[in-house]
Amino acid sequence: MTQFDIIVIGAGPAGSAAATWAAKQGCSVALIDKATFPRTKLCGGLFTERSRAYYHEIFGQDVDLTHAVTREEIAFWHEGRELAVLTDIPALHLTMRLDLDAAMFAHALDAGVEDFTGQAIAELTETAVKFRDNSTLTAAVIIGADGVNSIVAKQLFGKSFDTKTIGFGLEIEAPLSLQDPATQPLRIDFSAATWGYGWSFPKQGSTTVGVGGLRAPNPDMKDHMQRYMRTLGLPSEAVKIKGHHLPFGDFRPTPGRAHILLAGDAAGLVDPITGEGIAFAMKSGQIAAQAACDALKSNAPHTAIDRYKSGLKDMHRNLRIARNLRRIIFAPRWQKAFVGTFRRSGTVRMMYMRLLAGEVEYPELARRVLARLPRYLLNALRRTP
């Protein structure tokens, strides 16, 4: 049995950020993941300037973007029609999670975190992790950063997520033989799925194409994906389609209990409009680690959750506002009104991009959007509980 101050389960962006930040505060940290790194991860890989700022703050250096594609132009579509092409926008970086996550994991090891990757957990308790070889780690605080199918969340709440409110996405990597990413725009299609959208992200050597949205109103997500691929001129039978759940704004107001905390996708911290999760993952990992370290310094590990909730107040507020805005953007009955506003208003379009860059937050975006919506839509929103 080996004792640590903190055990972090999951070595993606949230876990590596949490582990690195805690180690920098002087805590002993074990980092666990069933995978070995580098490993592939199903994800669009959108890395914004907001993400870049968080990366620098947490890891103490700029992200290596030599393997990324950077675009300063984006195209928005709706029902087969181009809505707008925005140019001179804040830079959007299209990364491969294989490279990005491996870099963050390496930073954690450099900070002195102990590596327990490549080992599956056989048993999890409130203070210990047992591996299949019967070796055991214990800690005063456990941070679950193990994704949307979190075993830590399941241990705490009986299930990892609510099937009624969770999102779901399908995705492919279109190889060069099917599509040259150098000739493809960075593209978002608002109507590719019900209560969701489609995306085409050019990378180095491939294009990530997918559709995603709330799972419940999309029992036919495969049909949506195949239709979207045809729209982009991609043969659906030529590549393997993979699927995964997306928190998509379904965050936990209390992300843990006492000395057990949830970060990133495990806490549902994904933007319900843009689908961006990397920035929230890193930031929540940092906040969770700081809460854990402060609780340990006070010799009161059970206070970690209250400290963590306090640190997440701004993030939760933004996500609540985003969930309300999502009704305007994605609800079928109101989407045409929003699309009309988006097409007419350069202010709304640029505010959306500034949001991605971390230059504004959702309260300001909401004010700008609501000021430009048709009066009948505002009245309908007020009547909706």
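Counting Lys and Arg as +1 and Asp and Glu as -1, what is the net charge of the other residues whose Cβ lies under 15 Å from the Cβ of Ile32?
-4
Given the alternatives [x] 20.6, 70; [y] 20.7, 64; [z] 25.1, 101, Rg and Dmax of the Cα atoms in Å as computed for this entry is given by [y].
For Arg187, nonlocal amide neighbours, meaning residues 5 or more places apart or on other chains whose placed amide H falls under 5 Å from its own, are Ala75, Ser200.
In order along segment 158-171, the Karplus-derived 3J(HN,Hα) couplings, from 6.51 cos²θ - 1.76 cosθ + 1.60 at θ = phi - 60°, round to x, 7, 7, 7, 9, 5, 6, 10, 6, x, 8, x, 10, 8 Hz, and Gly and Pro are given as x. Bridges between two residues of the chain, per DSSP, are antiparallel at a rate of about 65%. What's the FRET efficiency of Lys159 with Ala182 using the Cβ-Cβ distance as r and R₀ = 41 Å, to the nearest 0.05? Computed FRET efficiency for Lys159 and Ala182 comes out at 0.40. For the pair segment 1-20 / segment 36-52, the C-alpha centres are spaced 18 Å from each other.
Determine, from the Cβ-Cβ distance of Arg367 and His56 and an R0 of 30 Å, the FRET efficiency 1/(1 + (r/R0)^6), rounded to the nearest 0.05.
Rounded to the nearest 0.05, the efficiency is 0.55.
Multiply the residue separation of Ala102 and Thr347 by 0.36 nm, subtract the distance between their alpha-carbon atoms, and state the gained length in nm to one decimal. Roughly 84.4 nm would be gained on extension. Efficiency by 1/(1 + (r/R0)^6): what FRET value for Thr70 and Val360, r their Cβ-Cβ distance, R0 = 22 Å, to the nearest 0.05? Efficiency for this residue pair is about 0.55. A DSSP coil position with no more than 14 other Cβ atoms inside 10 Å describes the following GluC sites (Glu not before Pro) in segment 62-131: Glu79, Glu126. 3J(HN,Hα) along segment 61-70, derived from phi through the Karplus expression 6.51 cos²θ - 1.76 cosθ + 1.60 where θ = phi - 60°, amounts to 7, 6, 6, 7, 10, 5, 9, 9, 9, 10 Hz, with x in place of Gly and Pro. Among Asp64, Asp265, Asp88, Asp101, a tally of other beta-carbon atoms within 10 Å of each Cβ gives an order, fewest to most, of Asp88, Asp64, Asp101, Asp265.
Expressed in nm to one decimal, what extension gain is obtained for the pair Gln3 and Asn149 from 0.36 nm per residue of sequence separation less their Cα-Cα distance?
Values: separation 146, 0.36 × 146 = 52.56 nm, distance 2.62 nm.
Result: 49.9 nm gained on full extension.
Each Lys or Arg adds one and each Asp or Glu subtracts one; over the other residues with Cβ under 9 Å from the Cβ of Thr347, this totals +3.
Taking trypsin sites (Lys or Arg not before Pro) across segment 83-134, the ones in a DSSP loop with at most 11 further Cβ atoms lying within 10 angstrom of their Cβ are Arg132. Here's how it looks for Thr207: its modeled amide H is under 5 Å from those of Ala174, which are all 5 or more places away or on a different chain. Just list whichever of Lys34/Lys240; Lys164/Lys297; Lys24/Lys130; Lys130/Lys222; Lys203/Lys313 have alpha carbons separated by over 32 Å in the model shown. Violating the 32 Å limit, Cα to Cα: Lys164/Lys297; Lys130/Lys222; Lys203/Lys313. Fewest-first ordering of Met350, Met221 by other beta carbons within 10 Å of each residue's beta carbon gives Met350, Met221. Note on Lys41: aspartates and glutamates with a C-alpha under 20 Å away, same-chain residues under 8 apart excluded, are Asp33, Asp64, Asp99, Asp101, Asp115, Asp146, Glu171, Glu173, Asp265, Asp271, Glu276. Springs join every pair of Cα atoms under 10 Å in this Gaussian network model of the chain, and among Ala11, Ala182, Ala288 the largest mean-square fluctuation is at Ala182.
Please order Ser177, Ser345 by the number of other Cβ within 10 Å, starting at the fewest.
Placing the least packed residue first, the sequence is Ser177, Ser345.
Placing pseudo-labels 7 Å out from each Cα toward the beta carbon at Lys240 and Thr138 gives an inter-label distance of 4.2 nm.
Computed from the coordinates by the stated procedures, all read-outs in this text should not be read as laboratory data. Please read all numbers here as calculations on a predicted model, not as lab measurements. Don't worry about glycine lacking a Cβ; one is built from the backbone with ideal geometry, like all the others, and counts go over all protein chains shown.
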